[in-house]
Each structure stands twice: as C-alpha cells, then as structure tokens.
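Structure first, commentary second.
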Amino acid sequence: MMVRYGAIRYWLVLTVLVSGSEAVIGTRMLPKIKMIIDTDGVADDIRAISMAIQHPDVEVLGITTTHGCVSTEQAAANVARALRATGMEVLQSDFYCWEPEPAAQALIRLAREHSNVTIVVIGPLTNLALSLKLDDEFKRRPERVIIMGGNYYGTGNVHSRTSGEYNFYSDPEAASIVLSEFECPITIVPWELMLYGKDLQKPRYSTINLSRYSHINSKDATGETWQAWMQYAYCDEIAVAAAIDPDGVIKESKQLRVAVELAGTFTRGQVMVDWIDQIWDEDPTNERGVDKSRPRITFITAYDVHIVDGMMKQAVLRRREE
C-alpha cells in the first residue's frame with residue numbers, strides 16, 4: 001500500500017480553549033459537547049471553527065491542522081488569525097518555529113484524557129489515520145467522528161478527470177483506514193450536499209472583526225462559484241452544526257457500507273458505495289446473505305440550511321455582544 005502521509009508535518013495549534021464544561025438548556029444543566037477539530041484551515045473551515053468556538057454548548061478541546069488546500073504552516077497561521085478574530089489570544093503570532101506536540105499524538109492524548117469526545121474532521125484524514133496506527137485503542141475512544149469529505153454519487157471536485165472529493169483525494173489511503181478501522185459511529189458530510197443544498201450568501205451580519213474576517217475568507221470562493229453559475233453553499237460548517245444539533249440539522253441520511261478507491265485512474269479517492277448490500281455467490285440458486293464485513297456509515301443527504309445559517313449568525317452576534 002502506498003502511504004503518503006509519513007513525510008508531512010502536522011501541527012497542534014490549540015488545546016483546552018474553554019474551561020467551562022456545562023451548558024444551560026432551559027432550566028437544565030447539560031454537559032457541553034467536547035469537540036476536537038482537525039482542519040486544513042481555509043475559508044469554510046475558519047467559519048466552522050468560529051461557529052464551534054462561539055457556540056455556548058461546545059467546549060473546543062483542541063484544533064489540529066493538516067495539509068490540504070494550503071500548507072500545514074499556512075493552515076496554522078489561518079487558524080491563529082481566526083482565534084484572534086474571535087477574541088481568543090491563544091497564539092500571539094501567525095507563525096512559530098516548532099510544534100509543541102504532533103497533531104496525531106495530540107488527538108490520541110485528548111481522546112484518552114476526555115470521555116465522550118466528538119472529533120470533527122474538515123480536511124484530509126491524514127492525522128486521524130496516523131492516530132489509528134499509533135494507538136490501536138484510539139479507534140474506539142471517541143464518542144463519534146464527523147467528517148466533511150467523500151461522496152456517494154461519484155461527484156468529484158478536484159478536476160474534470162477525477163471523481164474523487166478533494167479531502168479524500170488528497171489522501172485516499174488515510175480515508176480508507178479511517179472508514180474501515182474506526183469502531184465508533186462515523187457521520188459523513190459528502191460533497192454532493194453542497195451541490196444540492198443551496199444556502200444564504202452572507203456572513204455579513206455586522207462590521208465586527210469576526211464578520212469581516214469571515215467575509216474576506218469567503219470572497220474568492222464565492223467569486224469562482226458565481227462564475228460557474230453556482231451559489232456557494234455551506235460545507236465544513238454543516239459538519240460542526242451536525243455535531244452540535246444532529247436532530248435539527250440532519251433532515252435526511254443514508255446508512256451505507258462503503259470503501260475508498262485507491263488505484264483507479266479516474267476514480268482514486270472516490271467513495272464506492274455498496275448499494276445492494278449483499279454477498280454474491282457464483283451459484284445463483286444459493287441464498288444471498290447480507291455483507292456485514294464492513295460497518296454502516298451515516299451519510300447526510302439533506303440538511304436544514306436555516307439552522308446552520310442561524311448558528312453562523314449567532315456566532316457573529318455573540319462576538320459583537322462581548
């Protein structure tokens with residue numbers, strides 16, 4: 001197996017952001033959602049991170065960065081700027097010379113130290129796969145893993161001659177390891193959800209730093225999609241929103257057994273779906289059984305854009321009120 005993730009550097013950007021551990025829901029005190037975010041630190045990632053940090057029901061334990069649309073170093077700098085825009089002076093500079101802890105090891109440590117952790121992955125799955133290979137127990141420690149990436153209808157977004165989604169295409173081996181080896185529930189926010197779930201084109205709810213920063217991050221992406229006669233939809237933000245309020249955000253989903261193509265000329269990185277979910281036999285008279293060798297994974301196929309947009313709006317308004 002060709003493994004490409006060994007030579008890439010990963011940075012732990014942030015740990016233990018929020019000290020509070022309970023949220024008020026009506027008159028009840030409920031535990032906050034303990035969240036770790038793994039990201040390649042581009043526009044929609046930054047909006048998703050801002051949503052998580054500003055949400056009163058979320059305790060962000062850490063943010064790790066990986067390669068993807070930009071370098072790992074640039075992703076770390078982008079996250080640092082986003083944290084300062086939200087008023088969290090965790091990192092005083094956009095750049096520092098050496099990581100205090102590799103991201104894969106940080107994921108293992110945080111999942112070991114905290115129970116009921118939700119890991120939200122909004123970039124290539126390299127860090128998560130490395131964590132699995134470093135610690136076999138890691139596969140069952142998180143309460144759930146939510147991934148923005150992959151596809152289920154073979155719709156690609158890399159270039160015209162490939163059907164892979166970018167995050168999975170960037171490291172198909174890592175995606176395959178994660179989907180096949182994790183023993184905790186996995187939820188996928190597939191690329192097709194962006195194409196079929198159009199939403200509002202405005203993170204501009206005020207003139208405060210967070211809103212301006214979000215708008216600047218979105219400007220180039222929205223310009224490109226408008227040229228293609230497409231409205232830019234939420235993407236990574238859906239993953240964070242689904243982690244916060246799955247019952248409200250997820251309108252429709254499918255339970256699918258899947259695999260990741262590793263060798264195809266045009267399909268490398270594509271998620272291959274077993275739509276029939278049966279074991280075939282050369283003898284047609286034999287009864288076909290159900291293939292249980294792979295776990296079912298939840299694919300979100302429709303989401304409530306108004307709830308996601310409301311969360312994004314509230315993230316900005318909360319920052320303004322502070």
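In table form, for the structure just shown:
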| quantity | calculated |
| --- | --- |
| Residue count for the stretch 24-63, restricted to those that are among the polar types (S, T, N, Q), modelled with pLDDT under 95 and crowded, with 19+ Cβ neighbours inside 10 Å | 2 |
| Tabulated pairs, the stretch 149-162, first of a type in the set (A, V, I, L, M, F, W, C), second surrounded by 20 or more Cβ atoms within 10 Å (Cβ to Cβ) and part of a loop (DSSP other than H, G, I, E, B), C-beta under 7 angstrom, 6+ apart or interchain | Val158/Gly164 |
| Which numbered condition Pro203 misses (of (1) part of a helix (DSSP H, G or I); (2) surrounded by 21 or more Cβ atoms within 10 Å (Cβ to Cβ); (3) modelled with pLDDT under 95) | (1) |
| Selection count where residues are over 25 Å from Ser115 (Cβ atoms) and either of a type in the set (A, V, I, L, M) or assigned to a helix (DSSP H, G or I) (or both), scope the stretch 39-77 | 14 |
| Only listed residue being modelled with pLDDT under 95 and either at positive phi or basic (Lys, Arg) (or both), chosen from Arg109, Arg161 | Arg161 |
| Enumeration of residues in the stretch 87-106 that are out of contact with any Gly (no Cβ under 8 Å at 6 or more places or on another chain) and modelled with pLDDT of 80 or more | Glu101, Pro102, Ala103, Ala104, Gln105 |
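Listed here are the residues, each with its yes/no results for (1) in a loop (DSSP other than H, G, I, E, B); (2) at pLDDT 70 or above.
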| site | (1), (2) |
| --- | --- |
| Ser214 | no, no |
| Trp229 | yes, no |
| Ile238 | no, yes |
| Ala243 | no, yes |
| Ala259 | no, yes |
| Arg294 | yes, yes |
| Met312 | no, yes |
| Val316 | no, yes |
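The values are calculated or read from the model by the stated rules, or taken from the named source; none is laboratory data. What you are looking at is a predicted structure, and each value in this text was computed from that prediction instead of being measured. A quick note on method: Cβ atoms are made from the backbone with ideal geometry, for glycine too, and the neighbour counts reach across all protein chains shown.
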